[in-house]
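Visitor: Following this message is one structure expressed as structure tokens.
The values are calculated or read from the model by the stated rules, or taken from the named source; none is laboratory data. Everything numeric here is computed off the predicted structure, so don't read it as measured data. We place every Cβ from the backbone using ideal geometry, glycine too, and count neighbours over all the protein chains shown.
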Amino acid sequence: MAVQSKVDMRLRPLDRRVGKTAYRVDLPSYHADCDANYLRLCKLLPELASREHWRYRMPHGAMELSVLERSRYTTEVSLSARADAGERRWMAPPQITVRLYHDARMAEVVAIDGRGPVGDNGVNCAYPNPRMERADERQQANRFLGEWLGHCLENGRTEFELVLDGRRI
């Protein structure tokens, strides 16, 4: 009888193991990440209401931010990084699409490399799945964005065109 119960335990699916708890969203932490990302983006996107494009020079490349869509309460922005020509990169940084909610003062990652929405099935993600996403994919993406924006704020220098009497300088 004891041998039978050990065999039965091994044949159970992993998600039905005794003691495994379902993933729960840490909403206060998630909102804190989104709030902080909004503030970081506000620093990096001066004159957001009138400009369309920003470029920051980084130690080994550049980060570009472009407005994709504007509405009354939201703005969707694309962030992409480019390595210098002489730099060898083993992995290219992803292109991230972020939606800024101006009324709530929050910024949330909505797509990575054009695939979105991030965390398509929310907290009900069965693992493994075709995109190999974990249940906390949204939280991870927003934390990554925060680290990337923080790095840009610490190390980036703005690039701009100076036009004087119709001549670019």
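Visitor: Tally time: how many residues in the stretch 115-169 are modelled with pLDDT of 60 or more, of a type in the set (A, V, I, L, M) and closer than 20 Å to VAL98 by Cα?
Guide: So the count comes out to 5.
Visitor: How many residues, within the stretch 53-66, are more than 14 Å from LEU100 (Cα to Cα), under 20 Å from the mean Cα position of the chain (by Cα) and free of Cβ contacts under 8 Å to residues at least 40 places away in the same chain?
Guide: Qualifying residue count for the region: 3.
Visitor: Are any of the residues in the stretch 94-101 polar (S, T, N, Q), at pLDDT below 90 and on the phi < 0 side of the Ramachandran plot? Steps first, answer last, please.
Guide: We begin by selecting, within the stretch 94-101, every residue polar (S, T, N, Q); these are 95, 97.
Applying the additional criterion that residues be at pLDDT below 90 yields none.
No, there is no match, as no residue in the stretch 94-101 is polar (S, T, N, Q), at pLDDT below 90 and on the phi < 0 side of the Ramachandran plot.
Visitor: Could you say which residue among GLU69, GLU108 is under 14 Å from the mean Cα position of the chain (by Cα) and of a type in the set (D, E, K, R)?
Guide: Working: GLU69 fails: under 14 Å from the mean Cα position of the chain (by Cα).
The unique qualifying residue is GLU108.
Visitor: While we're on this one: Answer yes or no: is there a residue in the stretch 42-54 that is within 13 Å of LEU149 (Cα to Cα), among the hydrophobic types (A, V, I, L, M, F, W, C) and surrounded by fewer than 16 Cβ atoms within 10 Å (Cβ to Cβ).
Guide: To start, the set of residues in the stretch 42-54 that are within 13 Å of LEU149 (Cα to Cα) comprises 42-45.
Next cut, among the hydrophobic types (A, V, I, L, M, F, W, C) only: 42, 44-45.
Restricting the remaining residues to those that are surrounded by fewer than 16 Cβ atoms within 10 Å (Cβ to Cβ) gives 42.
Looking for residues that are within 13 Å of LEU149 (Cα to Cα), among the hydrophobic types (A, V, I, L, M, F, W, C) and surrounded by fewer than 16 Cβ atoms within 10 Å (Cβ to Cβ), one finds at least one in the stretch 42-54, hence yes.
Visitor: Scan the stretch 32-50 and tell me whether some residue there is in a strand (DSSP E or B) and of a type outside the set (Phe, Trp, Tyr).
Guide: Within the stretch 32-50, the subset in a strand (DSSP E or B) is none.
No, the stretch 32-50 contains no residue that is in a strand (DSSP E or B) and of a type outside the set (Phe, Trp, Tyr).
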